[in-house]
Structures are given as structure tokens and as C-alpha cells.
Amino acid sequence: GPALALDIGGTKMLAALVEGERVLDTHRMATPANGTPGDWLAALFSEIAAWRGRYGSTGVAVTGIVDDGLWSALNARTLNIPERFALVETVANLSGAPVLAANDAQAAAWGEYRFGAGRGADMVFLTISTGIGGGIVVNGHLLGGMAGNFGQFVGGDDAQGPLEDRVSGKWIAAEAGRHQPGATAREVFAAAAGGLGWANAILDTSAGRVARLARDIQFALDPARIVIGGGIGLAPSYLDRVRQALAELPARLRPDIHAAALGEHAGIIGIADLARHNPT
Ligand code: BMX
């Protein structure tokens, strides 16, 4: 039967009933800006109470890292959670089923590898969303722990802070605030589509930094392809801006950039497959 899959990101939470690559039902809600992860999970489970009894194994994909079932943030600005929150225990109590938890971008990498744009070859997944997350599949194996958390790279000058704080949805909105107070990342994409120079410049700067990250990943892991997802990554024009920034590279060095075929469902499909095959 289906698995229950949760994807807890810095901006939104997604719950779904998943069977293989089929998503049977979904429920979305914003990740609350305050309260505790326990409050957020209780709220989510009360909204999917009608699904009780319809699922077996439970998979939870989260922004941040999970060590021995305990959830911690790498960058509290992406999502501010207490260190080593008892994630697996909390979700097991709410779902009544065995729970497997993993980082959200690692789960999405697995989903794309198994059912999406991965095509069974070595690949790196990047999510450009509230932060920048990543997952790495080499020789058919998903790397665990902190592997793939490219958003934490500090580049040449660690005074600048983690890369994601100069790329992602939060940065785009903050930069736009100088031109259009209170602008959201979504409004920046609309302004760019409308031809506003400042909006296109912000998106090109963000995409240019992702292009430089992709180029470095190619030298580190030389994956067959880099698959990009996330609310920013899949927003109109964004991947074309990334490809444009890579166009000058010699072909051998140029990453092969693909959009996540599973879109925003990559994480739930990946974590459901991982939970099904690794019931704890
Ligand atoms: C951050 C980090 C990653 C995560 C990525 C994308 C935290 C809380 N998260 O780099 O583990 O994969 O953001 O997260 O440190 P999302 O919320 O944008 O999906």
C-alpha cells in the first residue's frame, strides 16, 4: 500500500500518499514562522487525519540534517529549529508507523534518480528554494549525512557567509526590497518577465552564482547531469539564466543542467521510496 511522505521545507510543508512514482493525494501548508517543529507536525497531521489507516511506512524529508533521527538546522536563517529535535520519534507517535527521515534535497535526488530526470546515471540534484540544498547519487548509491549541502559553501571569503544567503529565495526578495519594498521572490520573477532591469539583474546574479556552483560540482564529482528543482530553480526563466551563464564554457567542462522532472514532488517520491526499502 501507499506510504505517507512529508517534505518539510523552509517555506512550505507538503504531505502526500505515495505509491512508487504515483502521488495519490497531497496536502500543502506554509511552514509556520514561529512555534516549534512539534507544533508544525501536529498541525500537519491534524490536517491529514482523514488519511489515517491508508498508509504503512512513513518517510520525512526535511531541510537541515538528520542524525540518528534527530533534526538540526545547518543554517538557522533557512529554518530556525532547535538543535537535535526528536523528529523520528515525534512523527512515529503521530503516524503510528515506522519512520525514515532524511534531508529534503537528498530525498529529491533519490526521487529524480529513480523516477525522474536521473536516468539511472550518476547525478547531482540541486534545489534552489528557501536555501540551496543538494543530493548526490554515485554508483547507484545516495550519499547520506551532510553530503550535498552545497548551500553551506562559503566560497573564497568566509566573511560573506554561506552561498545560499547570496542566491536563494530569501536573498532575491531582500535584494528586490531596495526597488520594491516588501517584494516577494515570486513578484521579482513577474517584474523580470515584465522587462524591469533591476529584477532581471537580481535573477541573473542569483543564477550566475548557481552556474559557478554547478561548474565547481562538475570538477568535484563529474556527474552525468545536474538536476535542478525547488521553487526558485523551477521558476520561469531561471534555468535558462543558469545555462546562459555556463554557455561560454568548453563542452567538456559544461554541466548538463536538467529541470527536476518530478517538480515539487521529487522529495516526497524519493523519501517514500527510501522509507519503503529501509523500514526502520
Ligand atoms: C539549507 C539547509 C539544507 C537544505 C536547503 C534547502 C537548513 C535548515 N537547511 O541549505 O539542509 O537542504 O537549505 O532547504 O540548514 P529548503 O527549505 O529550501 O528546501
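Hey, with R₀ at 25 Å, roughly what FRET efficiency would residue 70 and residue 34 work out to, going by the Cβ-Cβ distance, to 0.05? Calculated transfer efficiency: 0.70. Per residue, the accessible area of the stretch 1-98 comes to 44 Å² when a 1.4 Å probe rolls over the protein heavy atoms.
Looking at the chain only, what percent of DSSP beta bridges run antiparallel? Nearest 5 please.
Details: 27 of 45 bridges.
Taking every DSSP beta bridge with both residues in the chain, the antiparallel ones total about 60 percent.
If you roll a 1.4 angstrom probe over the protein chains with everything in place, what fraction of the accessible area of the stretch 74-187 belongs to carbon and sulfur, to the nearest %? Carbon and sulfur together cover 52 percent of it.
Amide H contacts of residue 81: 73, each under 5 Å away and 5 or more positions distant or on a separate chain (H built 1.01 Å from N in the peptide plane; Pro and chain starts excluded).
With a probe of 1.4 Å, find how much accessible area the stretch 205-276 has per residue, and write the answer as a whole number in Å². Write down the numbers at each step before the final one.
Working: 3010 Å² over 72 residues.
Per residue, the stretch 205-276 has 42 Å² of solvent-accessible surface.
Taking all protein chains as present, what is the carbon and sulfur share of the accessible area of the stretch 223-280, in % to the nearest whole number, probe 1.4 Å?
On the way: 1390 of 2580 Å².
On the stretch 223-280, the fraction of accessible area on carbon and sulfur atoms equals 54 percent.
Surface calculation, 1.4 Å probe, protein heavy atoms: residue 150 sits at approximately 10 Å² accessible. Computed 3J(HN,Hα) for the stretch 13-22, one whole-Hz value per residue from the Karplus formula 6.51 cos²θ - 1.76 cosθ + 1.60 where θ = phi - 60°, is 10, 10, 10, 8, 9, 10, 10, x, 9, 8, glycine and proline marked x.
Around the amide H of residue 127, modelled in the peptide plane, lie the amide H atoms of 133, 134, 229, all under 5 Å away and 5 or more residues distant in sequence or on another chain. Among the trypsin sites (Lys or Arg not before Pro) found in the stretch 122-195, those both in a DSSP coil and sparsely packed, with 15 or fewer other Cβ atoms within 10 Å of their Cβ, are 178. Per residue of the chain, the DSSP helices (runs of n ≥ 4 H) give a summed -39500 (n - 2.57) that works out to -10500 deg cm²/dmol at 222 nm. Converting phi to 3J(HN,Hα) with the Karplus coefficients 6.51, -1.76 and 1.60 and the offset θ = phi - 60°, the stretch 69-75 yields x, 9, 9, 9, 8, 8, 10 Hz in sequence order, with x at every glycine or proline.
Charge dipole of the chain (Cα centre as origin; +1 on each Lys and Arg Cβ, -1 on each Asp and Glu Cβ, all else neutral): 440 debye, rounded to the nearest 20.
Hey, got the dipole for the stretch 104-257? About the Cα centre, +1 on K and R Cβ, -1 on D and E Cβ, debye to the nearest 20? Show your work: numbers first, answer last.
Details: 14 positive and 15 negative charges, 57 e Å.
In total the dipole reaches around 280 debye.
The values are calculated or read from the model by the stated rules, or taken from the named source; none is laboratory data. Quantities reported herein were computed from a predicted structural model and do not represent experimental measurements. Don't worry about glycine lacking a Cβ; one is built from the backbone with ideal geometry, like all the others, and counts go over all protein chains shown. Ligands, DNA and RNA are excluded from the accessible area calculation, which covers all protein heavy atoms including side chains. Shrake-Rupley method; radii C 1.70, N 1.55, O 1.52, S 1.80 Å.
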